Every structure is written in C-alpha cells, then in structure tokens.
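Okay, so here's the structure we're looking at.
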Amino acid sequence: MRSHSFTFHTTLLMKCSSTFASFLCILWLCGCGVSAPERLEFTSIGDTPRTFPTADGNATYSLDLANTSFILSDLTREQLQNPTGNSAELFGYVLHVELLWVPLAGKTAIDPEATNISIRLIVFSGHEVGIYGGGGFAWPKGEPGEEEYGVDIVGSNATLLAATNGFKDLLSPAQLTGRLRSKFNETQTKQIRRAASQIVTNALKRVQWVGPRASELQKQAESITSTSMDSAEFVLR
C-alpha cells in the first residue's frame, strides 16, 4: 500500500498542465467557445484511464465577494456534519468548483496558461480520504443569483494534493469536464464546505480548506502543525 504525504506531484502536474495549455491555445486561436461534455466526470489521463463519476449528487451554489462557489456531493449535509474524529467511515465525494472570473464569448482573449476555475475534489473511502486539486476553464450558464446557475467545464487539470496513508490514488493526473448545474442555496453550500473542511482537517491533522480563497486561507493556517493536533481536533471557524 502506497503512502502519500502532503506533497504536490510536480512531474505529473507539469505533464498535465502542458496538455491543458495546448488545449487552451487551440481555444484561443479559434476565438470561440468549446462545448463541454454533457456528463460531468473526473477522468484520469494517465496510462490506465479511469473515470470517477461525479454527475450524481446534490448541487448548490453561493455568491461570494468576487466569485461563485459551486458544491456537488453525493453525501448529505447531515452525513458530513455528524462524523466524530477519525473514527468516521464515509464513502462518497465532495466537489468544489470556484468560478474566479467570467469570460465573454467572442471577446475574451484566453491566454494558454489562463484558468478561470479552481477545483477541489475530496474522495472519501471508508476511513481514508484524498484531496485532488487543480484548475481549468469553464463557460458560465445562466445568471448569478438566479435559482439555477452553472458552468460548462471544457478543460482542466488536477492531481492528488494530500491524502491519508492508506488512500490509493488511481486517478492522477486527471481532468474534470462536463456540465455542472446547481440551485442557489448559500446556507447549504457554506455548511457543506465547512463540514468537508473539518473532516479532512481532522483526518490529516493539518488545516485543509475547501472553498473560496483556499490557497490564501491555507497559508494563514501554516502555524497549525500536526504536533498541535495530535491530542485534539482543530475546530475551523
């Protein structure tokens, strides 16, 4: 069984990023939108292709100060909020997609290195958990604030960012593509984000944020070390 530490798989990410950059270059040269697959899937792009289906689940979204936060999960809010410590056993996933900026069809010049969405996929497998992360490009569908709003994800790249020792990574490097449609529910979106963050924080004994400004908040929490969490859970505020 392979052990995973909190490291970014640089070689895999560079390979995946190169592929994604080539895709965006074609998109930029065409000067138009590219249709996303109808089914939302998280698919490995390595030597042994595997697909982690993410189409089935409850999707909600919330509007933050400068972005939109989408949550899709096949676990209920109650299932995520009830686990206690490291004894919890869950099977399922939580997908968070953050829309960073809105492109204008026919007007937005897309740099081959640009992304407008941030991706976090948390996979729960019994007592083990893995966090995948990356970025991609998506076209918004609808208007923010409407009852239903979503994005068509036409390209992305992601890799395993962190995991418990017993988690088996069968997907890196991977991509998320497809259509994500969600209902406007700020309360539920934020509750699921916080609950998911708390579970992975407890499991990894290191603060993990799932939601907007994840990287920024992660840096602010660097003072929280694994030593300080050995005897007690760290409660996210």
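Report, ordered by the first and then the second residue, all pairs with beta carbons closer than 7 Å, sequence separation of six or more or different chains, a first member in region 189-208 that is more than 26 Å from Y149 (Cβ to Cβ) and without any contact (Cβ under 8 Å) to a residue 40 or more places away in the chain, and a second member that is among the β-branched types (V, I, T) and part of a helix (DSSP H, G or I).
Correct list of pairs: V207/T201.
Give me the residue from region 134-179 that is of a type in the set (S, T, N, Q) and outside any strand (DSSP E or B) and, out of that set, nearest to E89 (Cα to Cα).
If we take residues in region 134-179 being of a type in the set (S, T, N, Q) and outside any strand (DSSP E or B), then T164 is nearest to E89 (Cα to Cα).
Kindly evaluate F20 against the criterion of being farther than 27 Å from E143 by Cβ, at pLDDT below 85 and surrounded by 14 or more Cβ atoms within 10 Å (Cβ to Cβ).
Here the answer is yes, as F20 does meet what is asked.
Filter region 165-181 down to residues that are buried (at least 18 other Cβ atoms within 10 Å of the Cβ) and either hydrophobic (A, V, I, L, M, F, W, C) or in contact with a helix residue (DSSP H, G or I) (Cβ under 7 Å, 6 or more places away or on another chain) (or both), then give me how many there are.
Counting residues in region 165-181 that are buried (at least 18 other Cβ atoms within 10 Å of the Cβ) and either hydrophobic (A, V, I, L, M, F, W, C) or in contact with a helix residue (DSSP H, G or I) (Cβ under 7 Å, 6 or more places away or on another chain) (or both) gives 7.
Are any residues in region 47-77 under 17 Å from E146 (Cβ atoms) and of a type in the set (D, E), and if so, which ones?
Selection gives D64 alone.
Listed residues T201, T177; which is at pLDDT 90 or above and under 17 Å from E41 (Cβ atoms)?
T177
Does any residue in region 147-176 that is free of Cβ contacts under 8 Å to residues at least 24 places away in the same chain and under 14 Å from I122 (Cα atoms) come within less than 9 Å, Cβ to Cβ, of a residue that is part of a loop (DSSP other than H, G, I, E, B) and of a type outside the set (D, E) six or more places away or on a different chain, and which pairs are these?
Taking only residues 6 or more apart or on different chains, not a single pair turns up.
The values are calculated or read from the model by the stated rules, or taken from the named source; none is laboratory data. Quick caveat, the model's predicted, so the values are computed rather than measured. Positions of Cβ are backbone-derived with ideal geometry, glycine not excepted, and every protein chain shown enters the neighbour counts.
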